[in-house]
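Enquirer: Next up is a structure, given as structure tokens.
The values are calculated or read from the model by the stated rules, or taken from the named source; none is laboratory data. All values reported here derive from a predicted model rather than from experimental measurement. Ideal geometry is used to build each Cβ from the backbone, glycine not excepted, and the neighbour counts take in all protein chains shown. Each accessible area value is taken on the protein alone, full model and side chains, heavy atoms only, with ligands, DNA and RNA left out. Shrake-Rupley method; radii C 1.70, N 1.55, O 1.52, S 1.80 Å.
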Amino acid sequence: MAGIGVRLNQIFEKNTLVSDLIGFGYSAVVTVAPMFLVIGNIFVMGQALELSKVAYAPRELMSCTILYMFIFSLLTTAPFNSVLSKYMSDVIFEERYEDIMPCFYVGLLLNVILSCLLGIPFCIYELVVGKVGVLYVFTGFCGYIACVLVFYAIKYLQICKDYKKITIFFFVGMAASFVMSLVLVYLFSFPVTDSMLASISAGFLLIACEEIAMVKRYFKNNSGRYRPVLGYMKRMWKLILTDLFYMLGLYAHNFIFWTTDINMVVVNTFVCAPAYDMATCLAMFTNISSTVILISRLEMHFRDKYKGYSEAVIGGRGVDIRNAQKRMFRQLAAELMNLVRIQFIISICVFLACMVFLPQYGFSGLVMQFYPCLAAGYFVLFLMYAAIIFLYYFNDLTGALLTAVVFLIVTLGVTVYAAELSEGWYGVGVIVGSLFGWGVAYLRLRWVERHLDEHIFCNGTLIKYGKGEKLSSKVYDVREERKKERMVEPE
């Protein structure tokens, strides 16, 4: 379960160009490779099954179904990600490993219930209004729940730093999905779109089974203490709302443009804006390397400074604590600046390559008009998310929640206004919302730096909390004491 920091340090300590490339490749494999495996599998599957020759209506129905599967499974799993990850981290720190499985089962139950509350009414609407076949709707719903299980269980393996196994699971699942699609089409003569949807759903179900089996293999004991998990979630409600609002802000601009005249309605049920959604996807890929850079540098550099400060607080002198604190915040500032510099160079190179080569492969028109503004917005957005991660490090849940709320509200407001502008400015809501969110996160980090001593040393309690009759607030009564003294005075 060792983190990737040790391995990366071994690679980068050679200090050569080849070792730097190997280190970046290793970081990519253990962080964003699963996403690229899924996208690559869908693309290769479509080429192998000649999806372009399928009629327009069933092809768009399948595309919208897969789009909804991913977006809404991410939205329903978002509220539970950080709070359960933090609970699991606390349990591991206290070496109460038998309490991990109760956390897993409680979160899984809540996640599936929330997902079904959103998914089942939509499926009924798809059946009644869209007149889509029952088998097709059921397959899409199964794929949606499989995605929910995958995105939920993956957090437990990430907290264990088992990134390589995650990549292996996705590779196995997507390979099985590809083979299954070929078998369904060429051996059993199933329709291409039905085969692709069923195969993708089966692939994600296989990944979910692998992840859940690995979690149960790691943590075999179950204490049966389920109620403390719910109490912890109630106490850490800010974490739940932070993840929820951040994820809503991530897709809020898309939802707004789904209601404009650039949208497309499929079978009177699915609504999307293909050109804007594709431009959003390209913008995300343009800046996705920031995730690799952030995780790598956190594991390699900042984590050691944070650990050094924590150890100084536990048993160091005052001067040691102050020095460790200064080193930690200097490293934090350096990591943010390095992320900006490195990601800016990468984003510019990817952006220019997209502008030059993508029109040759059919990406033109509205997609390329939306893309520049969205690419700039996602550059700032990923920087804002990095600041939220640092706020999590210092347990500033209020700051993280304020950042997510400001990001969501500003993005919504500006996007509504931008919908009335020309096409080139449609993505300005993401830019402004991310800038405001980044500003709030930066100010909170500066506030944490100034008040870290109070945050660390003044948040504890001397008396254990409990239920029962409230004790009297009276500590000392002068008249009662004098009365007692007179009673014991000798005559």
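Enquirer: Give the relative contact order (percent, whole number) for the chain; include only Cα pairs under 8 Å separated by 6+ residues.
Expert: Rounded, it is 17 percent for the chain.
Enquirer: From largest to smallest, what semi-axes in whole angstrom does segment 256-317 give when each is the square root of 5 times an eigenvalue of its alpha carbon gyration tensor?
Expert: Each semi-axis is √(5λ); the values are 47, 14, 8 Å.
Enquirer: At q = 0.09 Å⁻¹, what is the log10 ratio I(q)/I(0) for the chain, with the Debye formula run over Cα points and no solvent?
Expert: -0.70
Enquirer: Here's something else I'd like to know. Go ahead and estimate [θ] at 222 nm for the chain from helices alone: -39,500 (n - 2.57) per DSSP H run with n ≥ 4, summed, over the residue count, rounded to 500.
Expert: -26500 deg cm²/dmol
Enquirer: What is the ratio of the Cα radius of gyration of segment 369-458 to 2.2 N^0.38 Å, with N the residue count, to two decimals?
Expert: In units of the globular-protein estimate, segment 369-458 measures up at 1.25.
Enquirer: Give the whole-number value, in cubic angstrom per residue, of the convex hull volume spanned by the C-alpha atoms of segment 75-198.
Expert: In segment 75-198, the Cα hull volume divided by residue count equals 111 Å³.
Enquirer: So how strong a dipole does segment 55-106 carry about its Cα centre when Lys and Arg Cβ are +1 and Asp and Glu Cβ are -1, to the nearest 20 debye?
Expert: 360 debye
Enquirer: Then there is this: Determine how large the accessible area of Val448 is when every protein chain is in place; take a 1.4 Å probe and give Å² rounded to the nearest 10.
Expert: 10 Å²
Enquirer: Viscosity 1.567 mPa s, temperature 4 °C: Stokes-Einstein D of segment 150-237 from its Kirkwood Cα radius, in µm² per second?
Expert: Once the numbers are plugged in, D ends up at 86 µm²/s.
Enquirer: Another question about this same structure. Give the ranking of Glu449, Glu94 by solvent-accessible surface, highest area first, calculated with a 1.4 Å probe. Provide the component values of the computation, followed by the final result.
Expert: Numbers: Glu449 70, Glu94 105 Å².
So, going from the largest accessible area down, we get Glu94, Glu449.
Enquirer: Which of the listed residues, Gly173, Asn268, Ala198, is farthest toward the dipole's positive end in segment 160-276, when Lys, Arg count +1 and Asp, Glu count -1 at the beta-carbon?
Expert: It is Gly173, whose Cα lies furthest towards the positive end.
Enquirer: A further question on this structure: Between Ala333 and Asp90, what is the label-to-label distance in nm when each label sits 7 Å out along the Cα-to-Cβ direction?
Expert: If labels sit at Ala333 and Asp90, their model points lie 3.3 nm apart.
Enquirer: If you rank Trp425, Trp438, Trp447 by how much accessible surface each has, with a 1.4 Å probe, what is the order from largest down?
Expert: Final ranking, largest accessible area leading: Trp425, Trp447, Trp438.
Enquirer: Another question, then. Work out, in µm²/s and without decimals, the Stokes-Einstein translational diffusion coefficient of segment 225-289 at 25 °C, 0.890 mPa s, Rh from Kirkwood over C-alpha pairs.
Expert: In µm²/s, the coefficient rounds to 168.
Enquirer: Ok, one more. As an exercise, use a Förster radius of 60 Å and the Cβ-Cβ distance of Lys326 and Glu50 to find the FRET efficiency, rounded to the nearest 0.05.
Expert: Rounded to the nearest 0.05, the efficiency is 0.45.
Enquirer: At a probe radius of 1.4 Å, what is the per-residue accessible area of Lys305, in Å² to the nearest 10?
Expert: For Lys305, the solvent-accessible surface is approximately 70 Å².
Enquirer: Measure nothing but the geometry: give the 0 to 90° angle between the long axis through the Cα atoms of 56-93 and the longest principal axis through the Cα atoms of the chain, rounded to 10°.
Expert: 20 degrees
Enquirer: Taking the Cα centre of segment 324-466 as the origin, how large is its charge dipole in debye, to the nearest 20, when only Lys and Arg (+1) and Asp and Glu (-1) carry charge on their Cβ atoms?
Expert: For this selection, approximately 480 debye.
Enquirer: I've got another one for you. Quick one: which of Lys86/Lys307; Lys164/Lys305; Lys220/Lys307; Lys234/Lys307; Lys164/Lys307; Lys53/Lys131 span more than 19 angstrom between C-alpha atoms?
Expert: Lys164/Lys305; Lys220/Lys307; Lys234/Lys307; Lys164/Lys307; Lys53/Lys131
Enquirer: Using +1 on the beta carbon of Lys and Arg, -1 on that of Asp and Glu, and nothing else charged, what's the dipole of the chain about the Cα centre, debye to 20? Working shown, then result.
Expert: Numbers: 41 positive and 35 negative charges, 236 e Å.
In total the dipole reaches around 1140 debye.
Enquirer: Using alpha carbons only, how many angstrom separate the centre of segment 357-408 from the centre of segment 84-136?
Expert: 26 Å
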